[in-house]
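Visitor: Before I ask anything, here is the structure I am working with.
Taken together, the values in this text are just the output of simple stated rules run on the coordinates, not laboratory data. As the structure is a computational prediction, the values presented were derived from the model and not from experiment. Don't worry about glycine lacking a Cβ; one is built from the backbone with ideal geometry, like all the others, and counts go over all protein chains shown.
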Amino acid sequence: MLAAALPAGVNSYLIASQFGTGQALASNQMTLTTALAVVTTSFWLAIVNFLFV
Amino acid sequence: MSPLTATVLFVFGLVALGYLSGRTGYLKAETGEGVAEFAVNVAMPLLLFRTMLKADFHGAAPWAFWGAYFSAAAVTWVVGHMLVTRVFGRDARVGVVGGVSSAFSNLVLLGIPFVLGVFGTPGFEVLSLLVSVHLPTMILASVVLFELFGPKSDGRVHFSRVLRVFARRVFSNPLVIGILAGWIWRTAGLPLPVLADRLVEALAGVAGPVALFAMGLGLCRFGISGTIRPAMALSVLKLFLMPATALATAWLFGLPPLTA
């Protein structure tokens, strides 16, 4: 579950470069998810703890 | 501060340090590639090798676990693709980028150090089960997609070519080699010589921090540009829809707490 909660990796950007389109989208999304993940992973960790511990 | 919050801050703190050292110009942007290369090609493969060698997989039912994770990934992928093509009106190729970026987690550079920090070795052993399938899946997906939508594509999939490219890329991937080598060594039941063990231990030990730092440094190269609304929407999918679906599928498949 937590693995699913992690931000996006560089793969989408690599694919975007191969296609020659959508690089900005991939790059923006990667930066955003990584920054936002500081908050969201804590949130999901709390949920997991609440449900399973 | 709870220990979990502390770990999250520690993990992202390392990413932030990498980012800052690039942003301020203290380290050159090209350095990021070098550091990331070291992390992905040297330290991480050795960490995976060591894990496969010593791991006790707690009888974690891998099929249910893989099923739970990948069904969540599939759902999010489809939603991501639809969102980009239908809502934002981009073409199918950008749709693919949207699907991939909402469904594929940064398991190696971020996931491994993160899970190690939060759950320790037992959590990492479970994660390495996921990485060993996630990685080939990712490679296969990108080969097939390139075949379908790439610049030289005629819109059809040539199976023999896909298989050839896939096999070449999987077996030349250092992470896959690390996992396989560890698994073979384990099956053979050979002890690791003391010196080799020390070398592996030393390099595997720095894998986490170096990977996180490299990630931050790498982010400098990307940054934010142009319209951010589609990216924002995809980020919500990645960070909320996918984990929520994974939680639901994990519960459906009745997974034990650690794997869930």
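Visitor: Could you work out how far apart the two model spin labels at residue A:49 and residue B:92 are, taking each label as a point 7 Å from the Cα in the direction of the beta carbon, and quote it in nm?
Guide: With each label placed 7 Å out from Cα toward Cβ, I get 4.7 nm.
Visitor: Within 10 Å of each residue's Cβ, count the other Cβ atoms and sort B:52, B:215 from fewest upward.
Guide: Arranged by neighbour count, lowest to highest, B:52, B:215 become B:52, B:215.
Visitor: Sum -39500 (n - 2.57) across every DSSP H segment of at least 4 residues in chain B, then divide by the residue count to get the 222 nm mean residue ellipticity, nearest 500.
Guide: -24500 deg cm²/dmol
Visitor: As a footprinting exposure proxy, order B:158, B:134 by other Cβ within 10 Å, with the fewest listed first.
Guide: Ascending number of Cβ neighbours within 10 Å: B:158, B:134.
Visitor: I've got another one for you. Using a Förster distance of 22 angstrom, determine the FRET efficiency expected from the C-beta separation of residue B:5 and residue B:252, and round it to 0.05.
Guide: Efficiency for this residue pair is about 0.15.
Visitor: Can you put B:142, A:42 in order of Cβ neighbours within 10 angstrom, beginning with the fewest?
Guide: In order of increasing Cβ crowding within 10 Å: A:42, B:142.
Visitor: Kirkwood Rh over Cα pairs of region B:3-252 into Stokes-Einstein at 37 °C, 0.692 mPa s: D in µm²/s? Please list the in-between numbers first.
Guide: Numbers: Rh = 19.7 Å.
Estimated via Stokes-Einstein, D reaches 166 µm²/s.
Visitor: For residue B:229 and residue B:201, what is the calculated FRET efficiency with R₀ set at 30 Å and r taken between the beta-carbons, to the nearest 0.05?
Guide: The pair residue B:229/residue B:201 has a calculated efficiency of 0.05.
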